Each structure stands twice: as structure tokens, then as C-alpha cells.
Amino acid sequence: EEKKILWQLDQEQISSEVKNHLETFKDMQKTSSLLQQAKYKFLAGVPPQQKKLLVAGISSARHPHGSYLLDTLQSLFQASSEAELNCIVVLVCLSDSDPEWLNQTVTNISDGFKAHVEARRLLVVQGHISGSPLLGGLNNSNHSPPCKTPSYSRQKADYALLMNFAISVSRHSLMLEDNVHCTPKFISTIYLTLLAWKERPWVILEFSILSLSGKVFHTSDLSRLTFLLLLFHGDTPTHLLLSEFRLLLAQNIPIRFSNSVFHHVSNYSVLEDVCFPVEGRDLQ
């Protein structure tokens, strides 16, 4: 009940802020991207030669209780057939600048998923934002220690970098956290749904009850979404901005499918995640 009240208060706040910023948001869409100055470093793999149907985007940083990124990647690849994997590219955007953590993480991914890296199915990058007045002092290369305080500013900048890169590699984008379990044939589930909705208007298709993971976008909409994420660069919760984004683009109700194909890993507890302690499930 307390979470619902907090969500309602946050929803009222963000709705008010969106109204105040709507004209600015519209103007921003007419100008060049906020992320035109974004720089990326390739840590493992290279982009596919042609655009794929779907990019599975994962933003990952250090966590105080350990990382589930490798478990997430293992689950994703084990849940997918060879034919399904030919339709996607998995994009991991590492958002922490600690060199020891970065080197170890990249080594673990390169060693554990070598075949997928060589097949251009798995790409690991690090992004850096500069030159945007809306970001103030926030810079991905200078993060504070992981999860010292809840920081939706950091999370939104991380996902903005991820989505900005995803635009160039696929026609649709799947948002994933770095602590999820994927059910078998989830790619086919998404593929068949995209076919069924091909001629119908939609902004976000939701394949999970989780607040972030399982949301699918048109990559043609991602530049506008990154605008919104960076426009509200304070500590407005990320998942609330996603809800407001679909409203801004005239999808008035969530399109959420009953069979969730993504879940948090079995030994993961939202209460243990001091980064974003309120955001385990979508409370809509």
C-alpha cells in the first residue's frame, strides 16, 4: 500500500512536470539529438553488418551485492535457438569507469560467450556523454561509487546511451536489466507479436510485469525517448517516464501480454538492491 501511494505521488509529480516540459520536448524533436556528442568504445565484438529485427539492450554497472550480468546472458542464450539468435543482437552497455571492474567484466564475457561475440550476436560497449547542458555535471565516466545513493539520474543517462546506440543496429529494441531470467523461446514470442501488431499503432509492447525489463520499442522512437530521459535528468523514476512517454505518443493504455517471459533471477531480491529499492515491479 505504501508503494502504491508513493507511486501515485510520483505519477502526479511527473505528470505535472511533463505538462511543463511538453513544449520543450516538442521543440527538442525538431533539433539535433542530445546524444550527438556521445562517444562509444567497443570492448568486445563488432556491430552486425545488417540491421536485425531486435536488439536486446542491457545496461550494466557494478552492484554492491555482486553482478548477475553473466547469469542474464547465459539465460538469454540458453533460452534461444540458433534460428532465433540470427534475428537479434545482444548489446551490453557497461556504464562504470572502474578499470579493474571493466577489464574483468569484459574478460568474463569474452571468454564465456566467445562464439556469440565472434558471430556478431553479442556486442559490449562503453558510452560517454558530453556536450549536453541538460546533463549538468552528470557524466558517465565519472560516476560515484556504485549505488552509494539511489540515482535515477545515472540510470536514465545509462539507458539513454544504450538506446542511442541501439538505433543503428535493429528495427526494434528490447529493454532488459542485468538481473533477469529469460523463458525459453522468448524471441519467438516477441517476433510473432511484432508480426501480429505490424499494422496496428503502438509505442511500447510489454512482455513482463517488471518495471523496466521486457519493454519493446520501435527504434525509430528511441531518439525521442532519449530526449525525454535526459530532459528529466533529476531523480524522477525511470519507469514512470516510460509510462509518460507512451502517453506523449498517444498510446493511452499499457499493452501488456499476460504471459511474462522475463523474471528477476531467482536469488535476486529487490530489497537487497540499494540502488533502486522501490522499483521491483510495475505498480500500474
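Farthest toward the dipole's positive end in region 173-273, which of Leu176, Val261, Ala196, given Cβ charges of +1 (Lys, Arg) and -1 (Asp, Glu) about the Cα centre?
Ala196
Quick one: accessible surface of His263, probe radius 1.4 Å, all protein chains present, in square angstrom to the nearest 10.
80
At 0.36 nm per residue, and after removing the present C-alpha to C-alpha distance, how many nm does the segment from Val265 to Thr193 gain when stretched out fully?
Extra length from Val265 to Thr193 when fully extended: 23.5 nm.
For His172, what residues show an amide H to amide H distance below 5 Å, using hydrogens built from the backbone and excluding near sequence neighbours?
Placed amide hydrogens put Leu54, Val55, Thr219 under 5 Å from His172.
Output ³J(HN,Hα) for region 236-243: one whole-Hz value per residue in order, computed from phi by the Karplus curve 6.51 cos²θ - 1.76 cosθ + 1.60 with θ = phi - 60°, and x for Gly and Pro.
Using θ = phi - 60°, the values come out as 5, x, 4, 5, 5, 5, 5, 5 Hz.
Taking region 148-204, which trypsin sites (Lys or Arg not before Pro) meet the DSSP loop condition and have no more than 14 other C-beta atoms within 10 Å?
Qualifying residues, ordered by number: Lys148, Lys198.
The values are calculated or read from the model by the stated rules, or taken from the named source; none is laboratory data. In this text, all values refer to a predicted model and were calculated from it rather than measured experimentally. Using ideal geometry, Cβ is built from the backbone for each residue, glycine included, and neighbour counts are taken over all protein chains shown. Ligands, DNA and RNA are excluded from the accessible area calculation, which covers all protein heavy atoms including side chains. Shrake-Rupley method; radii C 1.70, N 1.55, O 1.52, S 1.80 Å.
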